[in-house]
Amino acid sequence: MTPNNPSLSARLLVAGGLFFVLAAVEAGPAVPTARAQHGPHADEHARQVARNARPEAPARSTQRRLRRYESYLQYFSGLAYARSGINLNTNFVRALIAAESGARPRVVSSAGAVGLMQIRPETGRRAARALYATGYDFRFVNRRRLRSLSADDLKEPALNILIGCYLLDHYNAEFGDHLARTVGAWNAGPDRVRQYRGTPPYEETLGLIRRVNAFYLFFRRQNGR
């Protein structure tokens, strides 16, 4: 996929003390399922979940809603935020949205997480500021909203998916493209993955890993790797 600003694919930007290469790539690697996990604590449970996993179809209503955002999913998952030449697997992003919100953009959780990918406002604001600082002109998104993101802005599908893909890509890069640890960081926070040196042993986190893994297997079978 071709980026809005082709010159950016060859330019290294610094934002918030971290390096980002916002380049379009032809194809990213398949995100491994939790079968690839190793380590102490809940990782063994995650492996058991993965071994027993079967493709599970999200509700038909969820699949219909997801199709409304296909252009956003393809575009934002096709950018390489953390590592040059490596982007997110779109089926993984679909699976997380299906598991987190049922593809309903205005959902707010009891913990205050907002929108399609259930992003907490403060986490979203930090990511949005870093994305704004890159100077990149993202398709579908007004850059000014990245500069001063509100909680309500996270109900906007394009903004929510952009920020979610940015965060997921960085978790993927830090935790070795392991689905369980990446989803563990998403749900419990990256500090908890570092603390446990593996998948956080929380019932909610392990339940989300199971759902994402099952939906991911479904979307991979439906849409190809």
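The values are calculated or read from the model by the stated rules, or taken from the named source; none is laboratory data. These numbers come from a predicted model, not from an experiment. No Cβ is skipped: glycine too gets one built from the backbone with ideal geometry, and neighbour counts run over all protein chains shown. Just so you know, the surface numbers come from the protein's heavy atoms only, side chains and all, with ligands and any DNA or RNA stripped out. Shrake-Rupley method; radii C 1.70, N 1.55, O 1.52, S 1.80 Å.
Suppose we keep only residues that are of a type in the set (G, A, S) and touching a Leu at 6+ places or on another chain (Cβ under 9 Å) within region 59-84. Which one would you say is surrounded by the fewest Cβ atoms within 10 Å (Cβ to Cβ)?
The qualifying residue surrounded by the fewest Cβ atoms within 10 Å (Cβ to Cβ) is S84.
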Filter region 138-187 down to residues that are open to solvent by 10 Å² or more (accessible area, probe 1.4 Å), among the aromatic types (F, W, Y) and on the phi < 0 side of the Ramachandran plot, then give me how many there are.
4
Is it the case that some residue within region 101-108 is open to solvent by less than 20 Å² (accessible area, probe 1.4 Å), closer than 25 Å to R181 by Cα and touching a Phe, Trp or Tyr at 6+ places or on another chain (Cβ under 9 Å)?
yes
Exception for G198 within (1) touching a residue at least 60 places away in the same chain (Cβ under 8 Å); (2) touching a Leu at 6+ places or on another chain (Cβ under 9 Å) falls at (2)
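Going residue by residue through region 136-152, is there one that turns out to be closer than 14 Å to M117 by Cα, modelled with pLDDT of 95 or more and part of a helix (DSSP H, G or I)?
Residues of region 136-152 closer than 14 Å to M117 by Cα: 151-152.
When the remaining residues are screened for being modelled with pLDDT of 95 or more, the result is 151-152.
If we keep only those that are part of a helix (DSSP H, G or I) too, we end up with 152.
Checked region 136-152: at least one residue is closer than 14 Å to M117 by Cα, modelled with pLDDT of 95 or more and part of a helix (DSSP H, G or I).
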When you go through (1) touching a Leu at 6+ places or on another chain (Cβ under 6 Å); (2) modelled with pLDDT of 95 or more; (3) surrounded by fewer than 22 Cβ atoms within 10 Å (Cβ to Cβ) one by one for I97, which number turns out not to apply?
(3)
Conditions (1) touching a helix residue (DSSP H, G or I) at 6+ places or on another chain (Cβ under 9 Å); (2) part of a helix (DSSP H, G or I) -> E122 fails only (1)
Answer with yes or no whether R220 is open to solvent by less than 40 Å² (accessible area, probe 1.4 Å), touching a residue at least 24 places away in the same chain (Cβ under 8 Å), among the charged types (D, E, K, R) and in contact with a helix residue (DSSP H, G or I) (Cβ under 7 Å, 6 or more places away or on another chain).
no
